[in-house]
1. Could you grab me the full set of residues in the range 40-54 that are open to solvent by less than 40 Å² (accessible area, probe 1.4 Å) and farther than 13 Å from SER28 by Cβ?
2. Only one of these is closer than 14 Å to TYR46 by Cβ, within 16 Å of the ligand (Cβ to nearest atom), among the hydroxyl-bearing types (Ser, Thr, Tyr) and at pLDDT below 95: THR135, THR130, THR160. Name it.
3. Check whether at least one residue in the range 12-31 is assigned to a helix (DSSP H, G or I), at pLDDT 90 or above and open to solvent by less than 20 Å² (accessible area, probe 1.4 Å), and report yes or no.
4. Are any of the residues in the range 126-134 in a helix (DSSP H, G or I), crowded, with 24+ Cβ neighbours inside 10 Å and under 13 Å from the mean Cα position of the chain (by Cα)?
5. If only one of GLY150, GLY171, GLY142 is modelled with pLDDT of 90 or more, outside any loop (DSSP other than H, G, I, E, B) and either away from the ligand (no atom under 15 Å from the Cβ) or over 20 Å from GLY198 (Cα atoms) (or both), which one is it?
6. Which residues, counting only those in the range 226-235, are more than 8 Å from the ligand (Cβ to nearest atom) and either in contact with a Gly (Cβ under 7 Å, 6 or more places away or on another chain) or not small (Gly, Ala, Ser) (or both)?
7. Select from the range 215-225 the residues that are more than 8 Å from the ligand (Cβ to nearest atom) and open to solvent by 10 Å² or more (accessible area, probe 1.4 Å) and write down the one among them that is farthest from ARG285 (Cα to Cα).
8. What do you reckon, is PHE227 part of a helix (DSSP H, G or I) and among the aromatic types (Phe, Trp, Tyr)?
Amino acid sequence: MTARWHVLNVRVPDALDDEIAAVLGSGSLGVEVAAFRPGMTELRVYLGPAEDPGVWRKRAAQVLSAHGLPADASELSIDPVPDGRWVERWQASLSPIPLGRRFVVVAKESALDQGGREPIRLIPGMAFGTGEHETTRLCAAGVEQQVTPGSRWLDLGTGTGLLAIVAARCGASRVLAVDSDPEAAAVASEVLAANAAGDVVEVRVGSIAERCGETFDGIVANIQSSFFISNAASLASALVQSGVLIASGFLDDDVQDIASALRAASFRVEARASLGPWVCLLARRGEA
Ligand code: SAH
């Protein structure tokens with residue numbers, strides 16, 4: 001899948017910009033607030049490749065209408081983002097983002113003292129995974145809990161490589177990080193090198209097939225729900241007996257279907273965590 005970024009644009013009266021930006025920005029990658037003309041502000045809500053623009057359009061229209069603003073008058077529009085340069089600007093200005101219990105994600109140039117948390121350095125680039133998104137945070141917390149020293153992990157849909165780095169820092173002896181988007185894989189390689197994780201983490205372009213028969217003690221996958229439904233059996237066979245799957249990237253509504261697909265493939269769903277509407281499941285491979 002090639003990354004498709006979208007930006008949702010909407011023009012709102014100044015008096016409402018903070019409130020609408022907060023509501024509309026929740027779950028997005030970030031909101032840019034720009035003066036449009038006196039009294040009016042333009043909000044640009046950036047959406048990652050996993051987001052459905054149709055769903056966001058509907059959500060935005062609802063938020064506007066709740067504030068007495070018709071979508072037409074607010075010039076609501078959603079456009080593909082032609083290049084990733086805004087991501088670079090935005091990531092460069094990132095404030096540190098705490099991740100799990102132990103880490104903090106910082107832009108490359110940031111000072112290293114982060115209140116006792118261990119920094120993971122992010123390099124601006126066109127890939128998903130700054131540590132801000134709920135699903136990344138849920139997965140990072142799961143990885144922190146589940147990685148045991150010397151264990152082997154597969155990070156499926158690595159994006160910037162953040163979760164692979166968390167696994168390596170928590171003691172994994174090998175992490176295979178794959179992403180079907182070559183651009184993401186390139187960003188991940190750079191971020192891994194900047195975090196001196198390159199000797200533990202190997203990056204490959206592709207998906208679960210690129211494990212080439214290797215098995216793992218754990219898999220972390222922050223990917224769209226359809227992936228888990230179509231690949232439950234392959235996920236099980238990529239794990240050793242009792243290996244653990246940390247799965248996120250989907251909403252509450254999808255959990256039932258994903259859990260049944262996982263159970264049919266021998267997994268036991270052992271725990272569930274959520275942040276806002278986003279869910280993370282922890283499942284353990286049973287007897288095949
Ligand atoms: N792991 C990061 C990024 C998650 S975004 C984090 O948690 O923050 C999901 C990533 O999965 C994207 O980079 C996307 O390119 C990749 N992806 C989507 N479908 C995939 C598939 N079938 N196989 C491998 N990677 C996939």
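1. MET40, THR41, GLU42
2. THR130
3. Checking the range 12-31: not a single residue is assigned to a helix (DSSP H, G or I), at pLDDT 90 or above and open to solvent by less than 20 Å² (accessible area, probe 1.4 Å).
4. No.
5. Being modelled with pLDDT of 90 or more, outside any loop (DSSP other than H, G, I, E, B) and either away from the ligand (no atom under 15 Å from the Cβ) or over 20 Å from GLY198 (Cα atoms) (or both) holds for just one of GLY150, GLY171, GLY142, which is GLY142.
6. PHE228, ILE229, LEU235
7. Only one residue tops the list, namely SER225.
8. When the stated conditions are applied, PHE227 passes them.
The values are calculated or read from the model by the stated rules, or taken from the named source; none is laboratory data. None of these values were measured; they are calculated from a predicted model. When we count neighbours, we look across all protein chains shown, and the Cβ atoms used for this are built from the backbone with ideal geometry, even at glycine. Ligands, DNA and RNA are stripped out before the accessible areas are found, and what is left, the full protein with its side chains, is counted by its heavy atoms. Shrake-Rupley method; radii C 1.70, N 1.55, O 1.52, S 1.80 Å.
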